[in-house]
1. Given the residues A:Ala100, A:Ala84, A:Ala72, which is the only one that is more than 18 Å from B:Pro40 (Cα to Cα), among the small types (Gly, Ala, Ser) and at pLDDT 95 or above?
2. Scan the stretch B:1-20 for residues that are among the hydrophobic types (A, V, I, L, M, F, W, C) and touching a Cys at 6+ places or on another chain (Cβ under 8 Å) and report the count.
3. Checking the conditions here, which among B:Ala94, B:Ala65 is surrounded by 18 or more Cβ atoms within 10 Å (Cβ to Cβ), of a type outside the set (Val, Ile, Thr) and modelled with pLDDT under 90?
4. For the structure I just gave you, tell me whether B:Ser70 is touching a residue at least 24 places away in the same chain (Cβ under 8 Å) and either among the aromatic types (Phe, Trp, Tyr) or surrounded by fewer than 14 Cβ atoms within 10 Å (Cβ to Cβ) (or both).
5. Considering only residues that are within 15 Å of A:Gln38 (Cβ to Cβ) and of a type in the set (A, V, I, L, M, F, W, C), look in the stretch B:37-56 and name the one that is farthest from the chain's Cα centre (by Cα).
6. Among the listed residues A:Gln42, A:Gln29, identify the single one that is within 23 Å of B:Phe90 (Cα to Cα) and not acidic (Asp, Glu).
7. Name the residue that is farthest from A:Ile12 (Cα to Cα), counting only residues in the stretch A:107-117 that are open to solvent by less than 40 Å² (accessible area, probe 1.4 Å) and within 14 Å of another protein chain (Cβ to nearest Cβ).
8. For the subset of the stretch B:17-58 comprising residues that are among the hydrophobic types (A, V, I, L, M, F, W, C) and modelled with pLDDT under 90, which member is most open to solvent (accessible area, probe 1.4 Å)?
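The values are calculated or read from the model by the stated rules, or taken from the named source; none is laboratory data. Quick caveat, the model's predicted, so the values are computed rather than measured. Note: ideal-geometry Cβ built from the backbone for every residue, glycine included; neighbour counts use all protein chains shown. When the accessible area is computed, the model is the full protein with side chains, heavy atoms only, and any ligands, DNA or RNA have been set aside. Shrake-Rupley method; radii C 1.70, N 1.55, O 1.52, S 1.80 Å.
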Amino acid sequence: GAVVSQHPSWVICKSGTSVKIECRSLDFQATTMFWYRQFPKQSLMLMATSNEGSKATYEQGVEKDKFLINHASLTLSTLTVTSAHPEDSSFYICSASISAEPTDTQYFGPGTRLTVL
Amino acid sequence: AQSVTQPDIHITVSEGASLELRCNYSYGATPYLFWYVQSPGQGLQLLLKYFSGDTLVQGIKGFEAEFKRSQSSFNLRKPSVHWSDAAEYFCAVAPKTSYDKVIFGPGTSLSVIP
């Protein structure tokens, strides 16, 4: 099956710094990538949807200036948490799909654990 | 409002026993339905999905799910559980118009007793 990687798998940073998380589709071209946030013992919450070459679409309540998403190529999307604070600590998961059509399977990355001190 | 509920937060079963994980949804129209499994250190993996047609869907790893429109349910089943099935299971729905509003249920944690 298709493989999606995330880097780093975990990161610890100081409050006020920015952190970039990469999401790569290794063996297919992903027109659409999704970013989720998962709190401990809770479900995934969709943060934003990004299509290659265009601006990301953010879900209601997600600060686009804090969570910068770039989808520069068909195999790479990045999420930058700017001026991170302890409340941004979470598990961030990306997924990639050939398109935004529901019939196309989303392939999920293993996630990135962010801890902000 | 659209929602997905998984009534069981945690389930423990003995290895070899049968399993049923419940999922109910509230949606304006029948959405696309999915079951995912999340194991520690691994990404979510799609077990099966229902788009239309036969309401009994076969998936990977011996799982199946049945869509019941009258009950707005999409329960996941497995006749004989293996210890490696211990994981977090998520039911999810997506509107038929677009993938960008996928909603995940709260998840059910499965423990398997040897």
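1. Just a single option satisfies the conditions, and that option is A:Ala84.
2. Adding up the residues that qualify gives 1.
3. Sole residue among the options that is surrounded by 18 or more Cβ atoms within 10 Å (Cβ to Cβ), of a type outside the set (Val, Ile, Thr) and modelled with pLDDT under 90: B:Ala94.
4. Judged against the criteria, B:Ser70 is not a match.
5. Once the filter is applied, the top-ranked residue is B:Leu44.
6. After applying the criteria, what remains is A:Gln42.
7. Among those that are open to solvent by less than 40 Å² (accessible area, probe 1.4 Å) and within 14 Å of another protein chain (Cβ to nearest Cβ), it is A:Phe108.
8. B:Ala29
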